[in-house]
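The values are calculated or read from the model by the stated rules, or taken from the named source; none is laboratory data. It should be emphasised that the depicted structure is a prediction, and the values quoted were computed from it without experimental measurement. Every residue, glycine among them, receives a Cβ derived from its backbone with ideal geometry; neighbour counts consider all protein chains shown.
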Amino acid sequence: MKRSIKKQRFLSRCGAPALLALAMQTMTAHPLEAQTSANQSQLAVSSTPVSISNALGEQSPYLGSVPTGAPTGTVLPLSLSDAVDRGLKYNLGLIESDVRERTAHAERLKELNDLLPNVTASISQTSEQVNLKALGFNFNIPGAAIPVVVGPFGIQDARGTVTQTIFDWHSIQKVRAASESVKSSQDSYKSSRDVVVLVVVNAYLQVIADQAAIESQQAQINTSQALYQRAHDQRTAGVAARIDELRAQVELQTQQQRLIAAQDQKAKDVLSLARVIGLPAGQEFTVETAVPYRPLEGVSLEKALQDSYANRPDYASAQHDVRAAELSKKAAVAEYYPNVTSSADYGDIGPNFGNSHGTFAATASLNIPIFQGTRVKADVLQADASLQQKQAELADLKGRIDQDVRSALLDVNAADELVKVAKSNVELAHETLSEAQDRFAAGVTDNIEVVQAQESVSAADQAYISSLYTFNISKAQLARAVGVAERAVRDYLGGT
């Protein structure tokens with residue numbers, strides 16, 4: 001068991017290509033360990049880790065949600081489409097992505113504000129008394145009394161003021177960069193939707209696999225019970241040894257242990273599915289969509305690669321990031337350029353509004369930067385470094401998209417073959433068990449062959465369940481790699 005756990009941890013670090021190795025491992029592993037390995041497999045598209053907690057991290061927002069509503073007190077039938085729809089509404093990762101998109105809109109509005117007119121209005125009432133000597137008026141005129149203090153007197157002023165940037169290339173480029181950032185955040189939101197779809201589908205398929213494992217274990221228990229009863233009857237009749245009865249009883253209890261473990265795993269995976277789609281705490285539900293084996297047809301490597309560059313929202317987001325970085329660099333360079341501003345005001349001023357006159361002022365200014373220290377140079381260097389980083393990230397993402405698509409198609413094709421082999425192995429194992437039971441009933445051999453054949457049936461059933469799970473999630477990964485998860489994953493899986 002310890003060795004199996006170490007293998008699982010190693011595979012979890014390998015990423016999506018480990019799917020094939022994991023599926024092959026489950027074909028030969030102990031049945032209980034095979035089921036555990038399937039539930040803990042790595043399901044991430046390498047460009048965006050989207051899978052269970054060991055791929056995303058236990059604190060990933062995509063594994064959480066905002067639970068909505070109250071438990072209904074009844075068992076809720078939940079189809080795969082319903083689960084995906086709920087995930088796209090209540091998944092925490094998508095909600096946070098929406099917040100980031102709105103934040104980008106807010107940043108653009110802030111940058112745009114520097115280019116818009118600023119209009120203000122004011123009404124003031126002033127009461128003033130002036131000391132002429134303090135202002136430098138210190139005259140002595142013989143025979144005339146010159147007052148030292150004038151006032152108090154009042155001034156009332158009602159005025160409107162408009163300021164407007166006529167031309168500022170720096171601000172214009174900043175607005176353009178912010179607009180590209182908004183487009184990037186919009187594409188990032190679309191990418192988050194694809195991530196949520198894959199997370200929900202993965203959680204749903206895990207519950208289906210758990211349910212199939214429970215049904216398989218229950219069938220094994222029924223077989224073991226019949227084997228034990230036959231061994232008991234034969235020992236009572238004196239035609240079989242006590243060891244045959246003990247061996248059958250051990251096998252029965254082993255299958256019961258596996259059933260308990262499978263039921264526990266399903267209960268935990270049901271909780272995980274409820275978490276990612278925002279079901280109220282305590283709401284009971286059953287998965288209603290069957291996802292049987294369905295070959296994937298009509299998908300070629302050339303078409304998938306072509307579609308991926310056209311459809312992947314994360315690739316479009318990275319392109320907008322590069323464009324935003326280019327414009328940010330131009331904005332930094334534009335800090336060296338002059339700008340033109342204007343201001344105007346009009347108002348009514350006087351001792352009171354009954355005795356007042358209109359006044360106005362209009363100003364246009366050309367502001368020429370002469371020396372600004374090293375601030376502008378630092379801004380340019382920083383913007384250039386950011387641009388180089390975004391360009392490198394875009395080039396890397398382009399290469400990873402190619403790898404994602406090729407790896408996903410390899411996984412789909414390999415998993416398809418594994419399902420066929422596993423299904424054939426199940427049929428052979430059941431045939432072997434039937435023949436072993438006949439030989440034991442005829443007294444030709446003891447029940448060692450029967451127990452071994454039953455173990456082979458159990459392992460074959462678990463391997464088929466694991467391979468079918470791997471095949472279906474591989475198809476979902478391919479839809480994510482091509483960038484059409486939200487549109488195509490239900491068609492890829494079928495029966496939804």
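Taking the criterion of being surrounded by fewer than 23 Cβ atoms within 10 Å (Cβ to Cβ), hydrophobic (A, V, I, L, M, F, W, C), in a helix (DSSP H, G or I) and within 44 Å of the chain's Cα centre (by Cα), would at least one residue in region 190-199 satisfy it?
The answer is no, given that none of the residues of region 190-199 is surrounded by fewer than 23 Cβ atoms within 10 Å (Cβ to Cβ), hydrophobic (A, V, I, L, M, F, W, C), in a helix (DSSP H, G or I) and within 44 Å of the chain's Cα centre (by Cα).
Please identify the pairs in which a residue from region 432-456 that is modelled with pLDDT of 85 or more and of a type in the set (Lys, Arg) has its Cβ atom under 8 Å from the Cβ atom of a residue that is surrounded by fewer than 19 Cβ atoms within 10 Å (Cβ to Cβ) and not in a helix (DSSP H, G or I), counting only partners at least 6 apart or on another chain.
Pairs that qualify, where the first residue is modelled with pLDDT of 85 or more and of a type in the set (Lys, Arg) and the partner is surrounded by fewer than 19 Cβ atoms within 10 Å (Cβ to Cβ) and not in a helix (DSSP H, G or I), are 439/445.
If only one of 420, 377, 390 is more than 30 Å from residue 457 (Cβ to Cβ), surrounded by fewer than 16 Cβ atoms within 10 Å (Cβ to Cβ) and not aromatic (Phe, Trp, Tyr), which one is it?
Answer to the selection: 377.
Only one residue in 419, 450, 457 is under 30 Å from residue 403 (Cα atoms) and in a helix (DSSP H, G or I), so which one is that?
It is 419.
Residue 427 versus (1) among the charged types (D, E, K, R); (2) surrounded by 16 or more Cβ atoms within 10 Å (Cβ to Cβ); (3) assigned to a helix (DSSP H, G or I): which is the lone unmet condition?
(2)
Among the listed residues 274, 267, which satisfies the condition of being over 22 Å from the mean Cα position of the chain (by Cα) and either closer than 30 Å to residue 406 by Cβ or not in a loop (DSSP other than H, G, I, E, B) (or both)?
After ruling out the rest, the residue left standing is 267.
Being surrounded by fewer than 16 Cβ atoms within 10 Å (Cβ to Cβ) and among the hydroxyl-bearing types (Ser, Thr, Tyr) is the requirement here; does residue 317 meet it?
Judged against the criteria, residue 317 is not a match.
Report yes if residue 165 is closer than 30 Å to residue 105 by Cα, surrounded by fewer than 16 Cβ atoms within 10 Å (Cβ to Cβ) and touching a residue at least 12 places away in the same chain (Cβ under 8 Å), otherwise no.
Taking the combined requirement at face value, the residue does not satisfy it.
What number of residues in region 73-132 are in a helix (DSSP H, G or I), surrounded by 14 or more Cβ atoms within 10 Å (Cβ to Cβ) and among the polar types (S, T, N, Q)?
1
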